[in-house]
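The values are calculated or read from the model by the stated rules, or taken from the named source; none is laboratory data. Since the model is a prediction, treat every value here as computed from it, not as a measurement. Here the Cβ positions follow ideal geometry from the backbone for every residue, glycine too, while neighbour counts run over all protein chains shown.
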Amino acid sequence: MAQKTAKAAPAPGVDAAMAKKLLHEMMLIRRFEEKAAENYALGKIGGFLHLSIGEEAVAAGVTSQLRQDDYAISTYREHGHCLAKGSDPRRAMAELFGRIDGLSKGKGGSMHLFDKSVNFLGGHAIVGSHLPLAAGVGFKIKYEGGDQVCVCYFGDGAVPEGEFHEALNLSSLWKLPVIFVCENNRYAMGTSLERALAQTEIYKFGQTYNIPSEPVDGMDVLAIREATGRAVARARKDKTPTLLEARTYRFRGHSMRDPAGAVYRTKEEVEKEKLRDPIVLFRDRAVGAGVLSDEDVEAIEKDVNDIIDDAVAFADASPEPPAEELFTDIYKD
Amino acid sequence: MAVMTYREALNLALREEMHRDPKVFVIGEEVGLYEGAYKVTQGLLKEFGPRRIVDTPIAESGFAGVGIGAAMTGLRPVVEMMTFNFALLALDQIVNTAAKMNYMSGGQYNIPIVVRGPGGPAHQLAAQHSQSMEVYFYHVPGLKVVRPSTPADAKGLLKSAIRDDNPVIFIESETLYAIKGEVPDDPEFTIPLGEAIVRREGTDVTVIAYMGMMYRAMEAAEQLEKEGISVEIVDPRTLRPMDERTIVGSVRKTHRAVVVEAGAGFAGMGSEISAFITERAFDDLDAPVERVTGANAPMPYARNLEKLKTPTKEKIVDAVRRVCNVNGS
């Protein structure tokens, strides 16, 4: 019997170009957030900064199945989702810096990245609040007879919220083309799944609401890609929503104010999970299968570093928003 | 001009706007098959079908969020709250999401949504169903808040609210749905948000009041006229943005002001109106601004206690006499 795991070839349909794209996307997100953390320490970025380091496979894998005109909406841990959807890292970084060239002119910050040019509907920072919005986007798509989908990212922390249940119920009741992607990193801030949920198998809530659902290895970008592909096909074909539970892990703390993230979980646990780094796993798999060469990987790394260095320089050079911005955009004229 | 009820005027506004703009739809509890708990949406399901008249389960936060998501991506939802008391379940969606989206996105995502339904004191509905709800919304930058007192205003303001590119909180009144008034027939008749109206001209004192309190103030004014006091009544109609100019202009003319509000007085609408009158027209005032407000208590059920809780014509008359330095009879 063939070994199933060792040196598995990338999934069918994942050619060199797709492999490069996926690795590039994950490494770009990783580098963006490492540099954001550095600049937070330097005082260039303020407020709350929530990193998704360790969770990059979800954003990269999901987005690899989307079209430009599809929608994505997310939580406050959304840098990766926004970048994967196609946002300019320079403008995203400038937003974190609170500068006028940021995506939201510096008025949103890390938790509120929005980019209408790529249909990225924002970072929303009240847990659970954007799930009904995703249903509303699905409603709009159906109302206008379109075939786009809306991807809604959220954490396991949103699952005990009423809005999770309201959004799943309405999406199923009305058959809305929404793909709910739960990034289950096992901790809502410092509260573990077991301390928060009577049902810790989150995908099972999909069964409750008659929504196709499945758990998926959130550290395996190809597994995410495949599961999302099935979900997107269902949504485009007959507006069926899906709940994906991506089982992932955040290597850093909840935010930069929880640097170690070690009060509520053991160091051993964190170190063990880091052995399943999604970037390393995919890189080794792609190189092992001969889809990517070591030179390809080095070239991607260099390109990513250049892009992010440029983004930081751009952000740092961008002016602060002028005083009149305080009172603009409160209302649309 | 046609004479119709406040309820019919709202219904007509919805129908006209839905015919004018295919992006307008109505969503809420019992708006379709049941034809509205207060029949504001009567006949709409038959006319427009279930795609545009959307019945929801009881999930206020959920369907308010659906409206916001649809508005973000180009539709123009009218979200009915069966009563505005239930809107508190959607308060986070309205305050944290709808009101702030345009700002947090640097102007990329405006939210053209109307959240409408009845609110304010009704008859013996007790604490949870009989209260002034506007206070929870008009504090919030990014929201517009409308309280229409007459059938014509109901129609003209609702049409403006639907055409507005921002979130508009539109609070009607159970006690006004059946009142009748003349309403312009022109489907392009609208009333701009943010414009107050002088309901009654007078020279001695300005009374600022809206909704049911406006009608009580009118009754008080008629009684006071017999006593030789000439009362001007200004109805703000829109609470945010507030037409301070019209109100302050009236006070500069009469030199006295009484603000009436149905809700509990503490940090209420009357506090704000009193404050800007004092700030902007202090030198014009011949007496301190008086407030007549609901008692600082929840709404009781018992009829006698309910009456004590609510501003009455007599309380308004007394306040006017005080600012005019006239002793009561």
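Details
- If you go through the stretch B:220-251 and keep only what is in a loop (DSSP other than H, G, I, E, B) and of a type in the set (Gly, Ala, Ser), you end up with B:Gly228, B:Ser230.
- Test: residue in the stretch A:129-136 that is hydroxyl-bearing (Ser, Thr, Tyr) and farther than 18 Å from B:Gln93 by Cα: no
- Matching option when the condition is within 14 Å of chain B (Cβ to nearest Cβ), farther than 20 Å from A:Ala57 by Cβ, under 16 Å from the mean Cα position of the chain (by Cα) and among the β-branched types (Val, Ile, Thr), among A:Val151, A:Val178: A:Val178
- Enumeration of residues in the stretch B:5-45 that are touching a helix residue (DSSP H, G or I) at 6+ places or on another chain (Cβ under 8 Å), among the hydrophobic types (A, V, I, L, M, F, W, C) and surrounded by fewer than 20 Cβ atoms within 10 Å (Cβ to Cβ): B:Leu33
- B:Gly249 meets the stated requirement of being free of Cβ contacts under 8 Å to residues at least 12 places away in the same chain and surrounded by 15 or more Cβ atoms within 10 Å (Cβ to Cβ).
- The residues of the stretch B:35-63 that are facing chain A (nearest Cβ under 9 Å) and among the basic types (Lys, Arg), listed by number, are B:Arg51, B:Arg52.
- Residue in the stretch A:308-333 that is farthest from the other protein chains (Cβ to nearest Cβ), counting only those that are buried (at least 18 other Cβ atoms within 10 Å of the Cβ) and touching a residue at least 12 places away in the same chain (Cβ under 8 Å): A:Ile308
The rows are residues; the columns are (1) more than 29 Å from B:Lys100 (Cβ to Cβ); (2) at pLDDT 95 or above.
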{"site": "A:Ala289", "(1), (2)": "yes, no"}
{"site": "A:Ser293", "(1), (2)": "yes, yes"}
{"site": "A:Glu301", "(1), (2)": "yes, yes"}
{"site": "A:Asp309", "(1), (2)": "yes, yes"}
{"site": "A:Glu320", "(1), (2)": "no, yes"}
{"site": "A:Ile330", "(1), (2)": "no, yes"}
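- Among the criteria (1) over 22 Å from the mean Cα position of the chain (by Cα); (2) among the aliphatic types (A, V, I, L, M); (3) in a loop (DSSP other than H, G, I, E, B), the one A:Val287 does not fulfil is (3).
- Here B:Glu227, B:Glu201, B:Glu232 are screened, and the one residue that is in contact with a Gly (Cβ under 6 Å, 6 or more places away or on another chain) and over 30 Å from B:Ile68 (Cβ atoms) is B:Glu232.
- Filtered residues of the stretch B:286-329 (kept if farther than 27 Å from B:Glu227 by Cα and of a type in the set (D, E, K, R)): B:Arg303, B:Glu306
- Within the stretch A:111-128, the set of residues being among the β-branched types (Val, Ile, Thr) and facing chain B (nearest Cβ under 8 Å) comprises A:Ile126 only.
Yes/no matrix, rows are residues, columns are (1) touching a residue at least 12 places away in the same chain (Cβ under 8 Å); (2) touching a Gly at 6+ places or on another chain (Cβ under 6 Å):
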residue: B:Arg7; (1), (2): yes, no
residue: B:Lys23; (1), (2): yes, no
residue: B:Leu45; (1), (2): yes, yes
residue: B:Pro57; (1), (2): yes, no
residue: B:Glu60; (1), (2): yes, no
residue: B:Thr73; (1), (2): no, no
residue: B:Asn96; (1), (2): no, no
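- The helices (runs of 4 or more DSSP H) falling completely within the stretch B:64-168 that include 3 or more residues that are buried (at least 23 other Cβ atoms within 10 Å of the Cβ) and within 9 Å of chain A (Cβ to nearest Cβ) map to B:101-104.
- Residues being of a type in the set (A, V, I, L, M) and either free of Cβ contacts under 8 Å to residues at least 12 places away in the same chain or within 15 Å of B:Ala262 (Cα to Cα) (or both) - total across the stretch B:278-301: 4
- Condition check for B:Asn327: over 19 Å from B:Met214 (Cα atoms), surrounded by fewer than 17 Cβ atoms within 10 Å (Cβ to Cβ) and touching a strand residue (DSSP E or B) at 6+ places or on another chain (Cβ under 7 Å): no
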